[in-house]
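Here the structure comes first, spelled out in structure tokens, and everything after it is commentary.
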Amino acid sequence: CFMSIQGGQAIDNNLDNLDKIPEIHRITLVHFTKSKIGASNADIRNKSTGLSDFGKDFVRKMVDNKILVDLSHINRKGFFDALEAVPDSIVVVTHTGVNGVYQCWRNIDDQQIKAVSETGGTVGIIYHPKFLAKTIVNCSIDSIIDHLAHVINVAGEDCPTLGSDYDGLIYLPRELKDITYQPILVQKMLERKWSAERIKKILGLNFLRVIKSYRP
């Protein structure tokens, strides 16, 4: 079981809290609200707010404690502040769309994709149509693959993963009625002439490589 915390504000009152959660493997630094660590990309008023000094120490302590740094949800300034705080560490963005396919406040740009890739990290593509395409109703499963393809074009096939965010609350694209329909996603990749090796990397090998680097 890969234990995670979505939103570091759950434990941001004291750095020592990170020592009390030895079985947590990943923390998303922020979620939808500003915290003692930094600001969310959903928070327009704090768009220029980066990581606080506490936030930078929090990220460094995460790395020391072998907790994977997840930069999903954080604003762009905080994103690069986190990378600067731990320049020699792998980071990930586990669930996002990419602006190269669909411009959205929630998505990351090519510079961010490259920055994650250069650490050896991965970018997971979300399944929620709101972040994949202009029209939610007509968003197809191909939109997921379009975002994966863009990550590959920018950073290579060792970078993309599936980052569904399938928590029971999000909508899913057409043809993907629930998670049991995921083989259709694989079939669509095969139809694009993607190799079996590339598909296996996206389905799990890329992220497993990252996990092994943190928890051998």
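All of the numbers you see were taken from the coordinates with simple rules; none came from a lab. Values in this document were obtained by computation on a predicted structure and should not be read as measured data. Glycine gets a Cβ as well: all are built from the backbone with ideal geometry, and neighbour counts include every protein chain shown.
In table form, for the structure just shown:
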item	result
Distance histogram in 5 Å bins (all Cα pairs of segment 69-192, percent per bin)	2, 12, 23, 24, 19, 12, 6, 3, 0
Separation between Cα centres of segment 73-130 and segment 146-198, rounded to whole Å	17 Å
Estimated FRET transfer efficiency (Leu15, Tyr171; beta-carbon r; R0 30 Å; 0.05)	0.20
Value at 222 nm in deg cm²/dmol, rounded to 500, when DSSP H runs of n ≥ 4 in the chain each add -39,500 (n - 2.57)	-9500 deg cm²/dmol
Residue among Arg26, Arg45, Arg60 with the largest mean-square fluctuation in a Gaussian network model of the chain, springs linking Cα atoms under 10 Å	Arg45
Largest-first principal axis extents, alpha carbons of the chain, Å	49, 40, 30
Residues of segment 1-15 with amide N under 17 Å of a point placed 7 Å along Cα→Cβ from Glu23	1-6
Label point 7 Å beyond Cα of Val137 along Cβ direction - residues of segment 163-179 with amide nitrogen under 15 Å	174
Within a Gaussian network of the chain (alpha carbon springs, distance under 10 Å), most fluctuating of Ser117, Ser48, Ser140	Ser48
Whole-number D in µm²/s for segment 73-135 (Stokes-Einstein; Kirkwood sum over Cα pairs; 25 °C, 0.890 mPa s)	204 µm²/s
Above-threshold pairs, the threshold being 18 Å between Cα atoms, out of Lys36/Lys56; Lys20/Lys66; Lys36/Lys77; Lys36/Lys212; Lys77/Lys134; Lys114/Lys212	Lys36/Lys212; Lys77/Lys134; Lys114/Lys212
Local net charge near Leu18, Cβ-Cβ under 11 Å (Lys/Arg +1, Asp/Glu -1)	-1
Radius ratio Rg over Rh of segment 1-56, counting only Cα atoms, Kirkwood formula for Rh	1.00
Diffusion constant of segment 125-177 at 37 °C, which comes from Stokes-Einstein with the Kirkwood Cα-pair radius and 0.692 mPa s, µm²/s	290 µm²/s
Angle in degrees between helix 141-155 and the longest Cα principal axis of the chain, rounded to the nearest 10	60 degrees
Cα-based Rg and Dmax for segment 1-99, where Dmax is the largest Cα-Cα distance (Å)	12.2, 37
